[in-house]
Amino acid sequence: MSNLPIYVFSGPSGAGKSTVLQMLMEKFPNNFGFSVSHTTRKPRPGEKDGIDYHFTDRDTFLSEISEGKFLEYAEFAGNIYGTSRS
């Protein structure tokens, strides 16, 4: 296990979280990574499963919540979003 600190970039959509992280990953490629969230929403045009989000159905997501597979999750606009433990 690494002793490096964990940084969380949180903010509303369009605030620039991904832009800041992409800049940090370019400058420090061995120190920063990107967590891909899970969601029950349908992919938007151009989004790829496992890159933009891990897309899944609601029943699977709810089952994985009950199995403790998520660090955090929330429902927004009828869709569930979450960060897995793995």
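Please go through segment 1-21 and pick out each residue that is farther than 15 Å from N31 by Cα and either assigned to a loop (DSSP other than H, G, I, E, B) or in contact with a helix residue (DSSP H, G or I) (Cβ under 7 Å, 6 or more places away or on another chain) (or both). Reasoning before the result, please.
Of segment 1-21, the ones farther than 15 Å from N31 by Cα are 10-19.
S10, G11, P12, S13, G14, A15, G16, listed by residue number.
For segment 39-70, name all the residues that are under 23 Å from Q22 (Cα atoms) and either in the same structural domain as S18 (by TED's automatic domain parsing) or surrounded by 10 or more Cβ atoms within 10 Å (Cβ to Cβ) (or both). Correct list: T39, P43, E47, D49, D52, Y53, H54, F55.
For residues that are among the acidic types (D, E) and not in a strand (DSSP E or B), tally how many sit in segment 55-86. It would help to see each step written out before you state the result.
In the first step, residues of segment 55-86 are kept if they are among the acidic types (D, E); the result is 57, 59, 64, 67, 72, 75.
After this cut, where a residue has to be not in a strand (DSSP E or B) as well, the list is 57, 59, 64, 67.
Summing the residues that are among the acidic types (D, E) and not in a strand (DSSP E or B) in segment 55-86 gives 4.
Please find, within segment 71-86, the residue that is nearest to P12 (Cα to Cα) out of those that are among the aromatic types (F, W, Y) and buried (at least 16 other Cβ atoms within 10 Å of the Cβ).
Narrowing segment 71-86 to residues among the aromatic types (F, W, Y): 73, 76, 81.
Applying the additional criterion that residues be buried (at least 16 other Cβ atoms within 10 Å of the Cβ) yields 73, 81.
Details: Y73: 15, Y81: 14 Å.
Once the filter is applied, the top-ranked residue is Y81.
On the stretch given as segment 29-45, residues that are within 19 Å of V8 (Cβ to Cβ), at pLDDT 95 or above and of a type in the set (V, I, T) total 1. Within segment 34-63, the residues that satisfy the criterion of being of a type in the set (D, E, K, R) and without any contact (Cβ under 8 Å) to a residue 24 or more places away in the chain are K42, R44, E47, K48, D49, D52, D57, R58, D59.
The values are calculated or read from the model by the stated rules, or taken from the named source; none is laboratory data. Being a predicted model, the structure only gives us computed values, none of them experimental. Methodologically, a virtual Cβ is constructed for each residue, glycine included, from the backbone with ideal geometry; neighbour enumeration extends over all protein chains shown.
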